């Protein structure tokens with residue numbers, strides 16, 4: 001399994017904090033390659049940014065203090081886009097586990113622009129399974 005995955009590398013995502021289990025913070029530049037003709041970031045890519053951040057939070061929650069291998073799969077996700085994001089802006093996504101157990105983890109994320117304005121909120125449910 002490749003870590004980080006190609007999708008994170010393609011988007012230019014960088015994890016800047018994962019020191020607390022169940023919480024991660026990521027940054028990404030809103031690259032012009034991912035903009036629509038109006039120069040605004042495509043919403044699906046903002047959603048992918050939030051998904052990766054929340055998935056990482058779910059993994060750090062599931063692995064805290066344990067030496068095991070798991071798979072973490074997103075089974076549903078909702079993203080609300082609150083303001084447009086111009087190409088060239090640096091985005092920060094803070095994600096956290098709201099509730100979780102051994103098999104199911106519910107996460108939320110906030111995506112903010114370089115001026116610390118909230119541009120998107122997301123929530124997602126992840127299923128955790130053991131990996132051989």
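The values are calculated or read from the model by the stated rules, or taken from the named source; none is laboratory data. Here the structure is a predicted model, which means the values were calculated and not measured. Please note: Cβ atoms are built from the backbone with ideal geometry, for glycine as well, and neighbour counts cover all protein chains shown.
Table for the structure above
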{"item": "Options 95, 80; residue that is in a strand (DSSP E or B), within 23 Å of residue 11 (Cβ to Cβ) and in contact (Cβ under 8 Å) with a residue 60 or more places away in the chain", "result": "95"}
{"item": "Residue list for the stretch 99-132, filter: free of Cβ contacts under 8 Å to residues at least 24 places away in the same chain and farther than 20 Å from residue 14 by Cα", "result": "99, 101, 106"}
{"item": "Residue 20, sole failed condition from (1) surrounded by fewer than 17 Cβ atoms within 10 Å (Cβ to Cβ); (2) modelled with pLDDT of 95 or more; (3) in contact with a strand residue (DSSP E or B) (Cβ under 6 Å, 6 or more places away or on another chain); (4) within 27 Å of residue 131 (Cβ to Cβ)", "result": "(3)"}
{"item": "Pair list, Cβ < 9 Å and 6+ apart or interchain, from the stretch 10-33 residues that are in contact (Cβ under 8 Å) with a residue 24 or more places away in the chain and at positive phi to residues that are part of a loop (DSSP other than H, G, I, E, B) and surrounded by fewer than 13 Cβ atoms within 10 Å (Cβ to Cβ)", "result": "22/64"}
{"item": "Single condition residue 38 does not satisfy, out of (1) out of contact with any helix residue (DSSP H, G or I) (no Cβ under 9 Å at 6 or more places or on another chain); (2) surrounded by 18 or more Cβ atoms within 10 Å (Cβ to Cβ)", "result": "(2)"}
{"item": "Residue that is farthest from residue 90 (Cα to Cα), among those in the stretch 1-35 that are out of contact with any helix residue (DSSP H, G or I) (no Cβ under 8 Å at 6 or more places or on another chain) and part of a helix (DSSP H, G or I)", "result": "6"}
